[in-house]
Amino acid sequence: MMQKNHSLKEYEPVVGAELIDDLKTMAENIDGKSVLHVNSTRSGGGVAEILFRLVPLMNELGLSASWDVIKGDQAFFEATKTFHNALQTGLNLASQRNFDDFERKTNENLHDLKIEGDTIFIHDPQPAGMIAQKRIGTNQRWIWRCHIDVSNPDRNVWSFLARYVNKYDASVFSTPSFARSDLSVPQFMVSPSIDPLADKNKDLPRTYIDRVLSKYGLNSDKPLITQISRFDYAKDPIGVIEAFKLVSKHIDCELVLGGSLADDDPEGAEVHAKVVKAAEGRNDIHILLIPPFSDLEINALQRASAIVVQKSVKEGFGLTVAEALWKSRPVIAGATGGIPLQVKNGLTGYLVHNIEGAAYRMRYLLRNPDVAERLGRNGREHVRQNFLITRHLAEYLLVMLAIRRKEAIPLLMPHPK
Ligand code: UDP
């Protein structure tokens with residue numbers, strides 16, 4: 001879906017003119033102005049969403065930024081999906097064939113896609129092998145930008161990948177807990193971000209929110225508890241239902257589990273079927289299949305909620321948390337991945353470790369709306385200061401400045417020599 005891109009000036013009322021001026025100063029001081037981002041998909045997923053908004057802003061700052069996508073085939077994407085799962089779970093899932101398929105398609109991409117630019121951002125493992133095009137001995141700099149949790153990876157896949165990553169000039173991870181002690185290149189920490197002006201996050205009129213509630217058959221008189229997520233075991237939707245069932249014995253409220261179902265993800269359909277079964281016979285639990293590109297509707301559901309839940313047991317960064325906090329919603333979320341950066345326990349929401357903990361906090365917030373309101377207020381400010389796209393852009397510019405300096409590269413995070 002094509003959404004409007006906003007100019008930097010439009011962000012001033014949200015983040016202040018000073019940050020926008022800083023962005024301009026940083027961009028002016030970068031000695032090589034061309035920037036290329038490379039990932040493996042133009043649409044779908046948080047990386048594409050962020051690049052779609054970030055690249056025009058970089059251009060507005062006087063850089064010459066562009067975005068290329070490597071090509072994959074079924075065998076390649078099967079390999080990279082297996083790598084993704086092995087890296088995030090630590091399980092030994094990859095076969096020799098996966099490694100061969102990865103190398104074969106990487107070689108084809110090296111032949112077909114010419115990488116040009118002063119700073120090259122390679123996003124995630126899929127295009128990591130493009131590093132073979134690095135022009136050694138020139139001023140060109142390559143950054144491997146990792147969006148996934150590689151803190152406890154399967155050894156085989158990680159050592160295969162690290163052979164590529166160690167050839168880069170730097171790596172960037174989303175949270176300190178994802179950092180690696182066995183990389184020989186500098187590691188920077190840059191969290192992802194949300195765009196406050198995007199359809200997913202912008203202010204909405206109450207009339208529109210009410211229309212979305214009635215479209216999905218939701219009762220706006222009762223407090224809504226909502227989790228928006230892909231139907232994925234890592235998001236623990238069944239755990240959310242169990243917690244809700246404990247709460248609803250005491251308080252009249254409704255639960256919404258909203259998410260999409262990709263045709264090519266058999267696990268999604270399986271999880272969805274289990275979720276529907278767990279909610280059987282309950283008219284206070286709503287399992288909503290939300291079509292892709294429903295940003296305004298998701299925005300409305302988040303805004304209509306008394307509490308937003310993200311009870312993940314495994315998470316990358318967890319953009320849904322930032323989205324909810326930005327809407328001043330109190331968030332109850334699993335203490336995993338990037339969530340603890342966003343949910344400061346007792347300040348912007350509550351971190352939970354199990355179903356009982358989630359139920360306890362749901363009850364507490366429904367009984368104490370003043371606390372819910374305070375958490376929501378703090379949450380919006382926390383996101384304003386830390387997780388908006390303008391800060392994200394500033395940190396990318398800082399990384400570029402740091403690695404393009406002629407003298408020694410400063411390390412923002414310790415790593416072994
Ligand atoms: N999302 C969506 N439709 C859905 C479910 C999720 O647009 O049906 C969005 C959600 O609003 C967020 C992103 O997809 O922007 C999910 O990012 P997150 O980091 O929370 O989880 P991931 O899916 O990347 O594991």
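The values are calculated or read from the model by the stated rules, or taken from the named source; none is laboratory data. Quick caveat: nothing in here was measured; it's all calculated off a predicted structure. In this analysis, Cβ positions are derived from the backbone assuming ideal geometry, glycine residues included, and neighbour counts consider all displayed protein chains. These accessible areas exclude ligands, DNA and RNA; they are computed on the full protein's heavy atoms, side chains included. Shrake-Rupley method; radii C 1.70, N 1.55, O 1.52, S 1.80 Å.
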Treating only the Cβ of Lys, Arg, Asp and Glu as charged (+1, +1, -1, -1), what charge dipole size does the stretch 57-193 show about its Cα centre? Round to the nearest 20 debye.
280
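Work out, in µm²/s and without decimals, the Stokes-Einstein translational diffusion coefficient of the stretch 22-166 at 20 °C, 1.002 mPa s, Rh from Kirkwood over C-alpha pairs.
Numbers: Rh = 16.1 Å.
Reported coefficient: 133 µm²/s.
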Any DSSP H helix in the chain with Cα axial reach of 15 Å or more and mean Kyte-Doolittle score of at least 0.5? Listed by number, the hits are 46-60, 237-248, 389-404
Report the Cα-based extents of the chain along its three principal axes, largest first, to the nearest Å.
67, 52, 39
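Please give the contour-minus-distance gain from Glu267 to Asp22: 0.36 nm per residue of separation, less the Cα-Cα distance, rounded to one decimal in nm.
Numbers: separation 245, 0.36 × 245 = 88.20 nm, distance 4.48 nm.
Length gained, Glu267 through Asp22: 83.7 nm.
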If amide H atoms are built 1.01 Å from N in the plane of the peptide, which residues on other chains or at least 5 residues away come under 5 Å of the amide H of Trp67?
His37
For Met58, what accessible surface area do you get with a 1.4 Å probe? Give it in Å², rounded to 10.
0
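What is the ratio of the Cα radius of gyration of the stretch 257-337 to 2.2 N^0.38 Å, where N is its residue count, to two decimals? Don't skip to the end; give the middle numbers.
Working: Rg = 13.4 Å, N = 81, 2.2 N^0.38 = 11.7 Å.
Computed over Cα atoms of the stretch 257-337, the ratio equals 1.15.
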Expected vector for the stretch 343-353, Karplus 3J(HN,Hα) from phi with 6.51, -1.76, 1.60 and θ = phi - 60°, integer Hz, x for Gly and Pro, equals 8, 8, 4, x, 10, 10, x, 10, 8, 10, 10
Only bridges whose two residues both fall in the stretch 280-417 count here: according to DSSP, what percent of them are antiparallel, nearest 5?
0
Calculate the radius of gyration of the Cα atoms of the stretch 187-318 to one decimal place, then report Dmax, the largest Cα-Cα distance, as a whole number, both in Å.
15.2, 50
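What is the dipole size for the stretch 248-363, taken about its Cα centre, with +1 at each Lys and Arg Cβ and -1 at each Asp and Glu Cβ, in debye to the nearest 20?
In debye, rounded to 20, the stretch 248-363 gives about 660.
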For the stretch 267-344, the count of lysine pairs 8 or more apart or interchain whose alpha-carbon atoms are under 27 Å apart comes to 9
Suppose every Lys and Arg Cβ carries +1 and every Asp and Glu Cβ carries -1, with no other charges. What dipole size does the chain come out with about its Cα centre, to the nearest 20 debye?
640
Given the candidates Thr175, Leu261, Ile228, the one whose Cα lies deepest towards the positive end of the charge dipole of the stretch 127-272, counting +1 at each Lys or Arg C-beta and -1 at each Asp or Glu C-beta, is Thr175
For the stretch 115-217, would you read off the P(r) tail past 18 Å as a percentage of all alpha carbon pairs?
58
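Taking the inverse of the average 1/r across all pairs of different Cα atoms in the stretch 234-384, what Kirkwood radius in Å do you get?
Value: 15.5 Å, from the Cα pair sum.
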What are the extents of the Cα atoms of the stretch 198-267 along their three principal axes, listed from largest to smallest and rounded to whole Å?
36, 36, 19
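Convex hull volume of the Cα atoms in the stretch 106-160, per residue, in Å³? Intermediate values should be presented prior to the final figure.
On the way: hull volume 5.2 nm³, N = 55.
It comes to 95 Å³ per residue, whole-number rounded.
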Taking H placed 1.01 Å from N in the peptide plane, check which residues at least 5 places from Ser34 or on another chain put their amide H under 5 Å from its amide H.
Ser64, Asp118, Thr119
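Report the extension gain between Asp210 and Lys344 in nm, rounded to one decimal, defined as 0.36 nm multiplied by the number of residues separating them, less their alpha carbon distance. List each step's numbers first, then the result.
Values: separation 134, 0.36 × 134 = 48.24 nm, distance 3.04 nm.
Gain on stretching Asp210 to Lys344: 45.2 nm.
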Restricting attention to the alpha-carbon atoms of the stretch 1-62, what are Rg (one decimal) and Dmax (integer), both in Å?
13.1, 35
Please list, ordered by chain and number, the residues whose modelled amide H lies under 5 Å from the amide H of Phe231; skip anything fewer than 5 residues away on the same chain.
Ser260
Suppose R0 equals 56 Å. What FRET efficiency, 1/(1 + (r/R0)^6) with r the Cβ-Cβ distance, do Asn85 and Asp370 give to the nearest 0.05?
0.85
